[in-house]
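One structure is given here, and the rest of the page talks about it.
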Amino acid sequence: MDYRFNLAKRMLFNKRGSLIGAVLAVSIGILVINVNFVIFQGIYDAIIRDMSDYRFGDIYVYNDESSTIEKSDIVFINWFERMPNVEAATPRLEGSATAETRILGQAHEKFNVPVLGVDPISDIRTSRIHETVGEGQYVYSRNSIVVGESVASDLGGCSQDGFFMSGGTDPTVTGGKAISECQPVRVGDSVKLIITDQWGIDQKKRFVVTGISGTAGGQGFDRSVIIHIDTLRDMLDRSGESRSIMVRLQESTNAYEAAQIKNQFLAAFPNDNLKAETIEESAESTLSGFRSGIAMINLIGYFGMGSSAFAILTIQMMLVNSKTREIGIMRAIGARRKDILIIFIMQGMIIGAMGAGAGTALGLGYTTYAKITNMEFQGSLALEVNYNWQKIGETAFLAFILAMIASIYPSYRATKKQPVEAMRSV
Amino acid sequence: MQLENLTKIYGEAETKVTALDDVSFSVKKGEFVLIVGRSGSGKSTLLNMIGLLDKPTRGSVSIDGFATTNLTDNEISAFRNKKLGFVFQFANLLADLTVLENVLLPSQIPLDPSIPFANAKKILEKVGLEDQLYKRANKISGGQAQRAAIARGLVNNPTIVLADEPTGNLDSVTAQNIVQLMKKMAKELNQTFIVVTHERRQFGDVDRIITVKDGHVFEGEHVEQMEVTI
């Protein structure tokens, strides 16, 4: 082993307090960046995941010039499902309705709500919205309705002297009634939807609530109602039309392959005014601001790492000062300035390597904990935690380089000491 | 070793102090030379000049017929490493290393693996530290540390070993042992020793004595110096 490395190691390890301080400075810097990444990238990825799972799939097709796709969805779905990387595809139709509830025989509440029409058979294969039905079950017949949690709450009410009081379950609206006295719409209740069709005529239909849908973070259809797509088509008088086609790819499919499938689809239907987007493109407008936020938070993390570098610089300056006599002895017995420089830079490298190792281990520990526990904050959406090995490696490498750079000035100062003067130091 | 017109002046104008003034003398191979003088007479400055630890204002130092005046910093370091061995008053071992590692250090600095590990062990045996090889340098006594320092000074077979008050920090019995050890090494290895001391009597008979007084050197023991040391 090079004597300089041996000496650097011994000098450092015999100053345990300084070593621990410097290693902690580096590792905490890395940990902060890792924690930031897990939380903010986790939220970002979770939003994309939920948007993909509930609304857009991996590829989202819609009409660029009209509110609906007039050609039969079967043509498109068959095209997609012939592609080797496609898991499933499903049509969706959207509209809006006035919802009315009757509880205990009394007309109770009236709301305007967005309505989503789904094909229950293919939708279950394509999206995960059916998994958000916590109570009851998903749309299974033409007169069943799944009500979003918020809508259910808004359509509910509180009992007062044997009568129901409208205003949802919010006690501030219902005159200070305790939440225990209020109840939302439940499975088995009936809801009447009034939808204005494309000719301006109101179409009314009564539905039985078969399920209540709720998602952590409200990324699903908590503020909508979901009915059978054919029922919605009938009510809108838009037979065979869809608003969009949602496509689910197989899990192994990467972003490049998704873009290729999208392009092939657009090339196959050039005259239908269709637009197709991958999930990254669909989520772009929603998440562009969020990405700036992540960049800002990461910047704070990197400032933290810069502070660690200052801590190392200070600790290294202290180490150099405490080793002045040793530097003088080394110089007297023939060590060159370069050798002294290398010894102290090696100390920086040892600190950097240990700090990077410890910080990465702590960061990985936190990441694993977040992944195993499906970490979420106050009932919000569960973080989508991934091991980004490139990012982990880059952070560790950056910390190592910073520790080394922070050692250069103290090391340079060490080389400037004259042997005779240095040896006089106690 | 040859010194020619060596002069060292510290400071400028009113603060100017001439530590060495036009000093010239030579030392032959194998000589055991004592440099004596009062505190502040310039003897440590002289040793620093010979050891190339400080640069003279004027004059030159030649060792093994090689003039050192125009050497670069790296060349001076290499020269010190190969041609000179140092023994200091406080041993000045590196506390972070073991006794053996301290002794090996001068031979490791040129990153030359040809110098055998066994050489360091042999010298440590000669100075009586064969059972202390793996002890940390700060865990041995003052006498043992000074023995290790002598071993370190000898490990590269230098042209000259320079010792600055090597017994100054030791009790009289240990100091006597160290003096005997240095004399023994000088004799066995035909090694040149230049020793700065103000404890003239501890060294008994030596090949040569040089007295430094007010920056000038005199061959032999100066009377005033003897009065101080008696």
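The values are calculated or read from the model by the stated rules, or taken from the named source; none is laboratory data. This one's a predicted model, so the numbers in the text were calculated from it and none came from an experiment. So basically every Cβ, Gly included, is an ideal-geometry build from the backbone, and we count neighbours across all protein chains shown.
So if I check each of A:Lys391, A:Lys416, which one is more than 30 Å from A:Gly218 (Cβ to Cβ), surrounded by fewer than 17 Cβ atoms within 10 Å (Cβ to Cβ) and of a type in the set (Lys, Arg)? Of the residues listed, the single one that is more than 30 Å from A:Gly218 (Cβ to Cβ), surrounded by fewer than 17 Cβ atoms within 10 Å (Cβ to Cβ) and of a type in the set (Lys, Arg) is A:Lys416. Taking the stretch B:69-93 as the range and being within 7 Å of another protein chain (Cβ to nearest Cβ) and touching a Leu at 6+ places or on another chain (Cβ under 7 Å) as the test, the residues that pass are B:Arg80, B:Phe86.
Inside the stretch A:235-250, residues that are under 24 Å from A:Arg49 (Cβ atoms), touching a helix residue (DSSP H, G or I) at 6+ places or on another chain (Cβ under 9 Å) and not hydroxyl-bearing (Ser, Thr, Tyr) make up a count of 5. Has the stretch A:285-300 got any residue that is away from chain B (no Cβ under 14 Å), surrounded by fewer than 16 Cβ atoms within 10 Å (Cβ to Cβ), under 21 Å from A:Arg92 (Cβ atoms) and under 29 Å from the mean Cα position of the chain (by Cα)? Taking every residue of the stretch A:285-300 in turn, at least one turns out to be away from chain B (no Cβ under 14 Å), surrounded by fewer than 16 Cβ atoms within 10 Å (Cβ to Cβ), under 21 Å from A:Arg92 (Cβ atoms) and under 29 Å from the mean Cα position of the chain (by Cα).
Restricting the stretch A:246-274 to residues that are surrounded by fewer than 15 Cβ atoms within 10 Å (Cβ to Cβ) and closer than 20 Å to A:Ser127 by Cα leaves a set whose member that is modelled with the lowest pLDDT is A:Ser252.
Would you be able to say whether some residue in the stretch B:176-197 is modelled with pLDDT of 90 or more, among the hydroxyl-bearing types (Ser, Thr, Tyr) and assigned to a strand (DSSP E or B)? Yes, because at least one residue in the stretch B:176-197 is modelled with pLDDT of 90 or more, among the hydroxyl-bearing types (Ser, Thr, Tyr) and assigned to a strand (DSSP E or B). Filtering A:Gly334, A:Gly293 for residues that are part of a helix (DSSP H, G or I) and small (Gly, Ala, Ser) leaves a single hit, A:Gly293. If you check A:Leu116, A:Leu24, A:Leu12 for being touching a strand residue (DSSP E or B) at 6+ places or on another chain (Cβ under 7 Å) and either within 30 Å of A:Arg233 (Cβ to Cβ) or not assigned by TED's automatic domain parsing to the domain that holds A:Asp154 (or both), only one passes: A:Leu116. A:Glu384: closer than 30 Å to A:Met51 by Cα, at pLDDT 90 or above and among the charged types (D, E, K, R), yes or no? Considered against the rule, which asks whether it is closer than 30 Å to A:Met51 by Cα, at pLDDT 90 or above and among the charged types (D, E, K, R), A:Glu384 comes out as no. Scanning the stretch A:69-82 for residues that are surrounded by 19 or more Cβ atoms within 10 Å (Cβ to Cβ) and of a type outside the set (Asp, Glu) gives A:Ile69, A:Phe76, A:Ile77, A:Phe80.
Among the residues of the stretch A:197-223, those identified as crowded, with 16+ Cβ neighbours inside 10 Å, assigned to a loop (DSSP other than H, G, I, E, B) and of a type in the set (Gly, Ala, Ser) are A:Gly214, A:Gly220. Only one of the numbered conditions (1) within 12 Å of chain A (Cβ to nearest Cβ); (2) outside any helix (DSSP H, G or I) is not met by B:Gln132, and that is (1).
Against the criterion of being more than 14 Å from every other protein chain (Cβ to nearest Cβ) and of a type outside the set (Gly, Ala, Ser), A:Tyr3 does not qualify.
Those strands (runs of 3 or more DSSP E) of the stretch B:1-66 in which at least 1 residues are over 16 Å from the mean Cα position of the chain (by Cα) and more than 14 Å from every other protein chain (Cβ to nearest Cβ), considering only elements entirely within it, cover B:2-10, B:17-26, B:58-63.
Look through the stretch A:89-144, keep the residues that are acidic (Asp, Glu) and part of a strand (DSSP E or B), and return whichever of them is modelled with the highest pLDDT. The residue in question is A:Glu94. Got a number for residues in the stretch A:277-313 being modelled with pLDDT of 90 or more and among the polar types (S, T, N, Q)? Number satisfying all stated conditions: 1. Among the residues of the stretch A:120-137, those that are surrounded by 20 or more Cβ atoms within 10 Å (Cβ to Cβ) and in contact with a Lys or Arg (Cβ under 9 Å, 6 or more places away or on another chain) comprise A:Asp123, A:Thr126, A:Ser127, A:Ile129.
Annotation note: Cβ proximity below 7 Å between a residue of the stretch A:211-231 that is assigned by TED's automatic domain parsing to the domain that holds A:Arg128 and basic (Lys, Arg) and a residue that is in a strand (DSSP E or B) and surrounded by 24 or more Cβ atoms within 10 Å (Cβ to Cβ) (sequence gap 6+ or interchain) occurs for A:Arg223/A:Gly148.
Summed over the stretch B:98-123, residues that are farther than 19 Å from B:Ser77 by Cα and either within 14 Å of chain A (Cβ to nearest Cβ) or at pLDDT 90 or above (or both) total 6.
Give me the residue from the stretch A:318-344 that is surrounded by fewer than 18 Cβ atoms within 10 Å (Cβ to Cβ) and farther than 25 Å from B:Leu84 by Cα and, out of that set, nearest to the other protein chains (Cβ to nearest Cβ). Among those that are surrounded by fewer than 18 Cβ atoms within 10 Å (Cβ to Cβ) and farther than 25 Å from B:Leu84 by Cα, it is A:Ser322.
Does the stretch A:31-45 include one or more residues that are in a helix (DSSP H, G or I) and touching an Asp or Glu at 6+ places or on another chain (Cβ under 6 Å)? Yes: one or more hits. Considering only the stretch B:161-173, I want to know if a residue exists there that is surrounded by fewer than 17 Cβ atoms within 10 Å (Cβ to Cβ), closer than 15 Å to B:Phe32 by Cα and polar (S, T, N, Q). No, the conditions are met nowhere in the stretch B:161-173. Within the stretch A:365-372, is there a residue that is touching a Gly at 6+ places or on another chain (Cβ under 6 Å) and of a type outside the set (Val, Ile, Thr)? No, the stretch A:365-372 has no match at all. Might you let me know whether the stretch A:365-376 holds any residue that is in a loop (DSSP other than H, G, I, E, B) and touching a Ser or Thr at 6+ places or on another chain (Cβ under 6 Å)? The answer is no, given that none of the residues of the stretch A:365-376 is in a loop (DSSP other than H, G, I, E, B) and touching a Ser or Thr at 6+ places or on another chain (Cβ under 6 Å). Within the stretch B:5-18, residues that are under 18 Å from B:Ser44 (Cα atoms) sit with their Cβ atoms under 9 Å from residues that are of a type in the set (A, V, I, L, M) and in a helix (DSSP H, G or I), at 6+ positions apart or across chains, in these pairs: B:Leu6/B:Leu46; B:Leu6/B:Met49; B:Leu6/B:Ile50; B:Lys8/B:Leu46; B:Lys8/B:Met49.
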